[in-house]
Amino acid sequence: MPLKYNATCRHHIGKMKFKVTNWQEYEAGLRRRGGLTMWLTSEAIAMWIAPRRTTRRGQPRYSDLAIETALTLSLVFGMRLRQTEGLLGSVLQLMGLDLAVPDHTTLSRRARTWKSTDRRPDLPIPSDGPVPVLVDSTSLKVYGAGQWLQEKRGARFRRGWRKLHLAAIADRGEVIAHTMTDQDIGDASQAAPLLGQIHTPIGQFTADGAYDGAPTYDAVINHSTAAAIVIPPRANAVEHTDDKASGQRDRHIAAMNRDGRMKWQATPAYGRRAPVETAIGRYKAIIGQRLRARSFQAQQTEVAIGCVVLNQMITCARPKSVRRSATET
């Protein structure tokens, strides 16, 4: 936000430069991200066939883990479901496994009813003390006619999109919680669903001004009573209560009225929101800026598997960057 105040002289501000100190290790991890053995594990092969159903209704042929494996390959390698079906069939054939491959219609149908398995080693939530949590949201495009319809036919349309909310661990960047809503849902209403996915105490909850509101403060205090809440209040916010949740907000308002907004941003380390913004940029660069699924249930599955993919990639290859000094070239 401070750069917004310097918009007229932004071209005079030099860009910070960083260098990776563990380049060899990081480069090897980047190559490993594209390996099939990383995404098609022995656990998935062993649990490929769905367990026998004991209740009425039809017997499923593929387990949820098999469906998740196929959808994961689709997201990692940027393929449609038909191409994913062909890739998975050829891989199983080369491995000499006599396993049936789910067709693209099965993948599309099961994506709407997919449930996460119990195994989740890719959610690296530390257990040694409260964790600092960063929250932010972004928009994802959905399937539709898009601008082509307007340019070709002159028809007016309302562009549709979904809103993705991510909660990441500060200084690490792993996604530990996520929700996806319609475009008309406010950000503050998603604080409680995000915190409901975090089963460890929170030391600090940091978010932008879109999450300012009583629902966010109440959800954080109900989750972790001693948590510090760092959210910039609105420009017209006023002090009004003395309870603990709103008391933090009142102190932020008083500090801004006394010292100004820019100085307040530096005091509670509000500017350290970069990891969650980087996680959003990483999601859009690797998974994509547009949702491939068309139904809302399948889109939720796509987002959930996409967050798992990001965490696995970070675990596989994590750069250690340091800022270059002014004398370095």
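Hey, does region 274-285 have a residue that's of a type in the set (Lys, Arg), under 15 Å from Lys163 (Cα atoms) and in a helix (DSSP H, G or I)?
Checking region 274-285: at least one residue is of a type in the set (Lys, Arg), under 15 Å from Lys163 (Cα atoms) and in a helix (DSSP H, G or I).
One residue stands out among those in region 286-324 that are out of contact with any helix residue (DSSP H, G or I) (no Cβ under 6 Å at 6 or more places or on another chain) and assigned to a loop (DSSP other than H, G, I, E, B): the one that is surrounded by the most Cβ atoms within 10 Å (Cβ to Cβ), which is Arg292.
Quick one: which residue in Asp122, Asp103 is modelled with pLDDT under 90 and charged (D, E, K, R)? Steps first, please.
Details: Asp103 fails: modelled with pLDDT under 90.
Going through Asp122, Asp103 in turn, the sole match is Asp122.
All of (1) closer than 28 Å to Arg294 by Cβ; (2) surrounded by 12 or more Cβ atoms within 10 Å (Cβ to Cβ); (3) of a type outside the set (Lys, Arg) hold for Gln93 with one exception: (1). Could you say whether any residue in region 86-94 is touching a Phe, Trp or Tyr at 6+ places or on another chain (Cβ under 7 Å) and of a type in the set (Val, Ile, Thr)? No, region 86-94 has no match at all.
Taking only region 15-38 into account, find how many residues are among the hydroxyl-bearing types (Ser, Thr, Tyr) and open to solvent by 60 Å² or more (accessible area, probe 1.4 Å).
The qualifying residues number 2.
Taken over region 36-76, the criterion of being of a type in the set (Val, Ile, Thr) and farther than 21 Å from Arg292 by Cβ is satisfied by Thr37, Thr41, Ile45, Ile49, Thr54, Thr55.
Within region 191-202, being open to solvent by less than 30 Å² (accessible area, probe 1.4 Å) and not aliphatic (A, V, I, L, M) holds for one residue alone: Thr200. Arg80 meets the conditions (1) open to solvent by 40 Å² or more (accessible area, probe 1.4 Å); (2) without any contact (Cβ under 8 Å) to a residue 40 or more places away in the chain in every case but one. The failed one is (2).
Within region 274-287, the residues that satisfy the criterion of being of a type in the set (Gly, Ala, Ser), under 19 Å from Ala177 (Cα atoms) and modelled with pLDDT of 90 or more are Ala279, Gly281. Can you pull out the residues in region 96-109 that are within 28 Å of the chain's Cα centre (by Cα) and open to solvent by less than 40 Å² (accessible area, probe 1.4 Å)? Within region 96-109, Pro102, Thr106, Leu107 qualify. Taking the listed residues Pro215, Pro233, the one that is more than 22 Å from Gly281 (Cβ to Cβ) and either in a helix (DSSP H, G or I) or in contact with a Leu (Cβ under 9 Å, 6 or more places away or on another chain) (or both) is Pro215, with no other qualifying. When Val220, Val175 are checked against the criterion of being of a type in the set (A, V, I, L, M, F, W, C), open to solvent by less than 20 Å² (accessible area, probe 1.4 Å), touching a residue at least 24 places away in the same chain (Cβ under 8 Å) and over 21 Å from Ala279 (Cα atoms), a single residue qualifies: Val220. Going through (1) open to solvent by less than 80 Å² (accessible area, probe 1.4 Å); (2) outside any helix (DSSP H, G or I) one by one, Gln265 falls short only on (2).
The values are calculated or read from the model by the stated rules, or taken from the named source; none is laboratory data. Note that the coordinates shown come from a computational prediction; the quantities given were computed from them, not determined experimentally. In this analysis, Cβ positions are derived from the backbone assuming ideal geometry, glycine residues included, and neighbour counts consider all displayed protein chains. Just so you know, the surface numbers come from the protein's heavy atoms only, side chains and all, with ligands and any DNA or RNA stripped out. Shrake-Rupley method; radii C 1.70, N 1.55, O 1.52, S 1.80 Å.
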